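Read-outs throughout are calculated quantities, based only on the coordinates presented, and are distinct from any laboratory measurement. Because the structure is predicted, anything quoted here is derived from the model rather than measured. Quick reminder, even Gly has a Cβ in these numbers, built from the backbone with ideal geometry, and neighbours come from all protein chains shown.
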Amino acid sequence: MKPLNHEQPSIVATLVPEEERLDFLPRHFGKHMLTVEHALYAQFAKLCPTYTGGYWHFYDLSNGGCYLAPSHERYPLVHDGNFFEATVSGDAAGIIVSLFTFSHVSFLLEDDPFGPRIAHYFHLL
C-alpha cells in the first residue's frame, strides 16, 4: 500500500505596504468594504475584552486570500459559545477574527452576488 502524498504548497502572507493600504478593502470587498470592516472591528470587540480600537495590518495571501490583523503583539480572546479562552499573537487574533467575519458577512450577503466571493475568502484563509 502506498502512503498518500497530500503535499500542499505553503501559503505566504504578505503585509500590504502603507502606500497600498487605501486600495486593500475596495480591492477585496468592493462596495461591501465598509460592511466587512465594521463587522470585523465589532466582532473583535466581542472576542477581545481589552480591545478599544487601534491600527490594523492588512495581508494579502499567495493563494488570493487576505486577512486583517490588529497591531499589538498579544491579545486575550474569549468566546463564550465554545468556552475558548486564550492569549494569542496579533497575527493569530487577526486570522481568527477574519474567519469569523468572512463567515458572518457571507451569510448576511447570501442573496447578493458578492456573498459567494466573501465565502471564498473564508475558504482561502
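I need the chymotrypsin sites (Phe, Trp or Tyr not before Pro) found in the stretch 58-125, filtered to DSSP loop residues with at most 11 other beta carbons within 10 Å of theirs. Here the sparse-neighbourhood loop sites are F83. Structural size metrics of the chain, computed from C-alpha coordinates, are Rg and Dmax of 15.6, 55 Å.
A P(r) calculated from all alpha carbon pairs of the stretch 52-125, with 5 Å bins opening at zero, reads 3, 16, 22, 22, 19, 13, 5, 1 percent. Across the chain, the mean sequence separation of Cα contacts (distance under 8 Å, 6 or more residues apart), normalised by length, yields a relative contact order of 22 percent. A Förster radius of 25 Å, combined with the Cβ-Cβ distance separating S10 from Y55, puts the computed FRET efficiency at roughly 0.40. The calculated FRET efficiency for the pair E73 and H120, based on their C-beta separation and a Förster distance of 35 Å, comes to about 0.70. Phi-derived couplings, Karplus 6.51 cos²θ - 1.76 cosθ + 1.60 at θ = phi - 60°, listed residue by residue for the stretch 72-80: 6, 5, 9, 9, x, 10, 9, 10, 5 Hz, with x used for Gly and Pro.
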